[in-house]
């Protein structure tokens with residue numbers, strides 16, 4: 001397996017394309033955000049019919065995963081026990097649907113999805129990451 005230091009634009013396109021296919025197969029219109037390990041946007045796609053809020057939510061989920069190096073749903077569970085969502089004023093959204101992307105043990109980016117249920121969003125993000133990993 002080729003190692004990566006970060007997701008580049010071609011990687012992000014592969015992730016977004018596979019995520020769009022996964023969302024469409026579920027009958028959903030979603031937004032998909034792909035970030036680099038520092039939390040900077042590499043690519044953002046909003047499918048036709050996706051709500052206007054979904055790009056910001058997808059990006060916030062991805063940012064949470066990039067910063068915490070964990071699925072955003074895990075952070076959501078821990079957060080609900082101690083904090084409110086309003087405690088995050090830096091763009092992070094600790095809500096299920098964001099996943100970190102690793103090459104070996106190295107964080108290379110994160111993917112966030114918004115448009116379905118939390119479980120659907122996470123499955124769509126995973127489909128994108130799996131497509132990237134299969135091609136890497």
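Rule-based calculations on the coordinates, nothing more; no lab input. Since the structure is predicted, the reported quantities are computational estimates derived from the model, not experimental observations. As a convention, Cβ positions derive from the backbone with ideal geometry for all residues, glycine included, and neighbour counts pool all protein chains shown.
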With the cut-off at 1.5 for a/c, could you classify segment 7-58 from its C-alpha gyration tensor as rounded, prolate or oblate?
oblate
For the residue 69, residue 8 Cβ pair and Förster radius 22 Å, calculated FRET efficiency rounded to 0.05 is 0.65
Mean separation of Cα pairs under 8 Å and 6+ residues apart, divided by the residue count of segment 9-135: what relative contact order is that in percent?
30 percent
List the extent of the Cα atoms of segment 9-135 along each of their three principal axes, largest first, rounded to whole Å.
38, 34, 21
Could you put 8, 121, 48 in order, starting from the residue whose Cβ has the fewest other Cβ atoms within 10 Å?
48, 8, 121
Given only helices, namely DSSP H runs of n ≥ 4 each adding -39500 (n - 2.57), what is the per-residue ellipticity at 222 nm of the chain, to the nearest 500 deg cm²/dmol?
-14500 deg cm²/dmol
For 103, 65, what ranking results if the residue with the fewest other Cβ atoms within 10 Å of its Cβ goes first?
103, 65
Cα-projected label distance for residue 105 with residue 136, points at 7 Å along beta-carbon direction, nm:
1.5 nm
